[in-house]
Amino acid sequence: MQNFALAEIPTRKELIEEVDIGPFTQKYDRGIPIRRAAFQLLQTLFEVGALSSDSILKVVDAIVTCGLVDTAEEVTVLTLQILAKVTQKACVHVATKLE
């Protein structure tokens, strides 16, 4: 399950739709629910202790590289919540990725 969630975290350009609204174009990201669900799955796996030390490193890496730079505010807020929880229990893993 962890690998599935990690595969769904990056923003996929094919799910971003541009709609013309008069003189403006609006972007709709259809991948937000998928990314949010993937991060929630990783959060649940971390909370129940289903992740090994190596898996926690992969999750932290995904949070830093994909989650914190996501353009969707709700995904960014969720990743900050996960990062706060991981920092409380496994601060060494977070400290290695801060650079």
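The values are calculated or read from the model by the stated rules, or taken from the named source; none is laboratory data. In this text, all values refer to a predicted model and were calculated from it rather than measured experimentally. No Cβ is skipped: glycine too gets one built from the backbone with ideal geometry, and neighbour counts run over all protein chains shown. When the accessible area is computed, the model is the full protein with side chains, heavy atoms only, and any ligands, DNA or RNA have been set aside. Shrake-Rupley method; radii C 1.70, N 1.55, O 1.52, S 1.80 Å.
Every residue in segment 4-24 that is closer than 30 Å to Val60 by Cα and either assigned to a strand (DSSP E or B) or within 13 Å of the chain's Cα centre (by Cα) (or both), please.
Of everything in segment 4-24, those that are closer than 30 Å to Val60 by Cα and either assigned to a strand (DSSP E or B) or within 13 Å of the chain's Cα centre (by Cα) (or both) turn out to be Phe4, Ala5, Leu6, Ala7, Glu8, Ile9, Pro10, Thr11, Arg12, Ile16, Glu17.
Taking Val59, is it assigned to a helix (DSSP H, G or I), closer than 13 Å to Met1 by Cα and modelled with pLDDT under 90?
yes
In segment 1-53, what residues are in contact with a Lys or Arg (Cβ under 9 Å, 6 or more places away or on another chain), open to solvent by 70 Å² or more (accessible area, probe 1.4 Å) and among the aromatic types (Phe, Trp, Tyr)?
none
Tally up the residues in segment 43-83 that are within 17 Å of Val94 (Cβ to Cβ), touching a residue at least 12 places away in the same chain (Cβ under 8 Å) and small (Gly, Ala, Ser), please.
4
Looking at segment 42-56 only, could you name the residues that are modelled with pLDDT of 90 or more, touching a helix residue (DSSP H, G or I) at 6+ places or on another chain (Cβ under 9 Å) and among the polar types (S, T, N, Q)?
Matches in segment 42-56: Gln43 only.
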